[in-house]
There are 2 protein chains.
Amino acid sequence: MRIALDAMGGDHAPAAMVEGAVRAANEWSDVEFHLLGMEERIRPLLDGQAPANLRLHPVSEVIGTGEEPVRAIRRKKDSSIVVGCQLVKEKKVDAFISAGNTGALMAAGLLVTGRMSGIDRPALAPVFPTMDGRGMLVLDVGANPEARPEHLQQYALMGSIYAEKVLGMRQPRVGLLNIGTEEGKGTALTKKAFEMIQHLPVHFVGNVEARDALYGVCDVLVCDGFSGNILLKNTEGVAKAILERLKAEFTRTLWTKLAAAVLRPGLKSFASVMDYKEHGGAPLLGLSGPVIKAHGSSDARAVFHAVRQARLFIEREVISHIHEDLERVERG
Amino acid sequence: MRIALDAMGGDHAPAAMVEGAVRAANEWSDVEFHLLGMEERIRPLLDGQAPANLRLHPVSEVIGTGEEPVRAIRRKKDSSIVVGCQLVKEKKVDAFISAGNTGALMAAGLLVTGRMSGIDRPALAPVFPTMDGRGMLVLDVGANPEARPEHLQQYALMGSIYAEKVLGMRQPRVGLLNIGTEEGKGTALTKKAFEMIQHLPVHFVGNVEARDALYGVCDVLVCDGFSGNILLKNTEGVAKAILERLKAEFTRTLWTKLAAAVLRPGLKSFASVMDYKEHGGAPLLGLSGPVIKAHGSSDARAVFHAVRQARLFIEREVISHIHEDLERVERG
């Protein structure tokens, strides 16, 4: 098994990427790691600690977080993101992981790696934290701002298979993000998608409202990329705002600081529920090979978890299973 | 000035509605209050305390929270919601406030009160709490799940005028909910709406991401009803989930209970920032007269604030101002 890792992308790159890769290479000796990065920056970090199954794959360019995605991938053919997606396309590696520019990775996934047959649009599918600690796969959160009903149907199928094979959920409950729980609610898009998802070989639990999403009412939440992105960023924003405000209250006086110290262990256990790092990265589902977006703020631990996830993605043959189910659906 | 109040709608109806109405009638002696409710239930509550400027307007039916909106308003012509909207249409009152079935109120607003000329779709416009305590008007949150660019343009215009006249914001900053801040981001809808809003006589600050919305980066946030509803319900859901979790932590042991007691005053001040009741109800903008949706869980204080808001809506001639600006925009 061969996994390519982008050493240049993410807030803590390249150090955290290299550390995570070294840790993963030591853990899984059956995997051959291709670390994509600029030689002069990566070589010193590897010095003396590179396991035999990890090798540097030099690239000469880097796509920054602020760069316009499509232009960047067209101009920087030798960047870690473009090269990684190319290696997946050419089957020279079995998966690619990057914590870099999300838009550029989505664009390179679509334009360089390419879609798998039968899928019109790939979807970005992160795991949201839920109050029960189980997590929920949400797709799409922005690979395609606009969606047609058949795209949502494909998301439902891909999400269900991924949740079962990689996240280890038995008979994942698939929900459709909507503005009411009754059938017939929402837009023309959600109404038609509801009807289409009903005919899939998935455990469809119907419409799910944003209010209930965090409470673990489904394992896979299907939505168009615009709504999914709103949901993702609003969840981050509200949680951040509340926690900031609490922190300010906790440090206001000596007494509140003491009180906060007593509460700290409990709050930490809560923070770990909300911690995306435990949940690994977000796969781009619907491509011809596995491409995984690790969170921009990934540390070595998050990189390690993303590798674990990529292994399962490959081993459990997620893409073949999607193929098979698509064919079964087409045959009716 | 005449204001109609639905005594039958809301979780704490009719008691809280009657109490709020009595308080408002005592405060504003220049307002004539029409309390719409079932005589046998309202009369005992008013006994001996009804101010001279408050009179019971008997109705024989009530629309429940679970009823299908359009069917309910067609069948129950003598319900408080339908009668209230009818009174606004006939100019027999200057405004109508209800904490009842939101869908039924939106349907009756559209089908009974009717749209004002020049507006294609009314919008439901609640005030979201923001971290700076200022609040932000969001429209639409679900009166119309689907929107065309010209609808978003009309929302921007109506929202700006309402924020200025009723919420007292000078030169309100109008933002467009989108999945990126740069111009050209998002769907065909947001791209076209961006272009159209730029030509309005409003202070347009461009695209706003859901992550930043709570931080007070704009005063009026424009979006289609589906996205707005997702934003509203997700904000409620995330805040509720986090606060529940904190409460569980705070009551775990004797020590954490003591610690929580020290922190209580600060947490209370935080809770008041998040309290919708201070912000009054959500107007249905774009109708031929003022109709206000008070929160379903409104207590007497929330009803009182909704009346204050209705007074401003009428006094500041919001609808005439919208008319004037629409004409100015049409003349180019």
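A few comments on the model shown:
- Label spacing, shortest first and in nm, from B:Ser60 to its equivalents in the remaining copies (7 angstrom along Cα→Cβ): 8.7
- The Cα center of the range A:220-251 and the Cα center of the range A:22-88 differ in position by 31 Å.
- Burial ordering of B:Lys76, B:Lys247, fewest other beta-carbon atoms within 10 Å first: B:Lys247, B:Lys76
- Here the range B:132-164 and the range B:283-304 have alpha carbon centers that stand 16 Å from each other.
- Per-residue ³J(HN,Hα) for the range A:318-328, Karplus 6.51 cos²θ - 1.76 cosθ + 1.60, θ = phi - 60°, Hz, x for Gly and Pro: 4, 5, 4, 5, 4, 3, 4, 5, 4, 5, 4
- Across the identical copies, the label point of B:Ala261 (7 Å from Cα in the Cβ direction) is separated from its matches by 1.9 nm, in order from shortest.
- Neighbour counting of Cβ atoms within 10 Å sorts the residues B:Met106, B:Met169, fewest neighbours leading, into B:Met169, B:Met106.
- Three-way shape call for chain A based on the alpha-carbon gyration tensor, with the a/c threshold at 1.5: oblate
- Under 5 Å between amide hydrogens, built in the peptide plane, is the criterion, and for A:Ile97 it picks out A:Ala4, A:Leu5, A:Asp6, A:Ile292 among residues at least 5 positions away or on other chains.
- Counted by Cβ distance under 10 Å from B:Thr187, the other residues give a net charge of 0, where Lys and Arg count +1 and Asp and Glu count -1.
- Cα-projected label distance for A:His203 with A:Lys92, points at 7 Å along beta-carbon direction, nm: 4.2 nm
- Contact order relative to length of chain B, as percent, for alpha carbon pairs under 8 angstrom and 6 or more apart: 22 percent
- Partner lysines for B:Lys191 [C-alpha distance under 27 Å; skip if fewer than 8 residues away on the same chain]: A:Lys185, A:Lys191, A:Lys192, A:Lys233, A:Lys293, B:Lys233
- The fewest-to-most ranking of A:Leu111, B:Leu105, A:Leu232 by surrounding Cβ atoms within 10 Å reads A:Leu111, A:Leu232, B:Leu105.
- 10 Å Cβ neighbours from other chains, averaged over peptide A:131-143: 1
- Nearest-first distances (nm) between copies at A:Gln198, label 7 Å from Cα via Cβ: 4.4
- For chain A, modelled as a GNM whose springs connect Cα atoms under 10 angstrom apart, the maximal fluctuation among A:Leu124, A:Leu200, A:Leu284 occurs at A:Leu200.
- Taking amide H as placed 1.01 Å from N in the peptide plane, A:Leu287 has its amide H under 5 Å from the amide H of A:Met116, each at least 5 places away in sequence or on another chain.
- Inter-chain Cβ neighbour average for residues A:238-249, partner chain, 10 Å: 6
- J(HN,Hα) series, the range A:187-194, from Karplus relation 6.51 cos²θ - 1.76 cosθ + 1.60, nearest Hz, glycine and proline x: 9, 4, 4, 6, 5, 5, 4, 4
- In this simple spin-label approximation, B:Glu244 and B:Asp30 carry label points 7 Å from Cα along the Cα→Cβ vector, and these lie 4.6 nm apart.
- Build a GNM of chain B with springs between Cα atoms under 10 Å apart, and of B:Lys185, B:Lys91, B:Lys257 the one that fluctuates most is B:Lys257.
- For the range A:41-49, backbone phi angles converted through the Karplus equation (6.51, -1.76, 1.60; θ = phi - 60°) give residue-by-residue couplings of 8, 8, 3, x, 6, 7, 2, x, 10 Hz, Gly and Pro being listed as x.
- Loop-located GluC sites (Glu not before Pro) in the range B:34-119 (DSSP state not H, G, I, E or B) with no more than 13 neighbouring Cβ atoms inside 10 Å: B:Glu90.
- For the peptides A:146-154, B:132-140, the ranking by mean Cβ contacts within 10 Å, running from highest to lowest, is B:132-140, A:146-154.
- Among residues other than A:Met136 with Cβ under 12 Å from its Cβ, the summed charge is -1 (Lys and Arg +1, Asp and Glu -1).
- For A:Glu32, distant residues with modelled amide H under 5 Å away: A:Arg2, A:Ile3
- The B:Asp11 and A:Glu330 beta-carbon pair, evaluated with R₀ = 51 Å, returns a calculated FRET efficiency of approximately 0.55.
- Diffusion coefficient of the protein assembly as shown by Stokes-Einstein, Kirkwood radius over Cα pairs, 10 °C, 1.306 mPa s: 59 µm²/s.
Throughout, read-outs are computed from the coordinates displayed, never taken from laboratory work. None of these values were measured; they are calculated from a predicted model. Don't worry about glycine lacking a Cβ; one is built from the backbone with ideal geometry, like all the others, and counts go over all protein chains shown.
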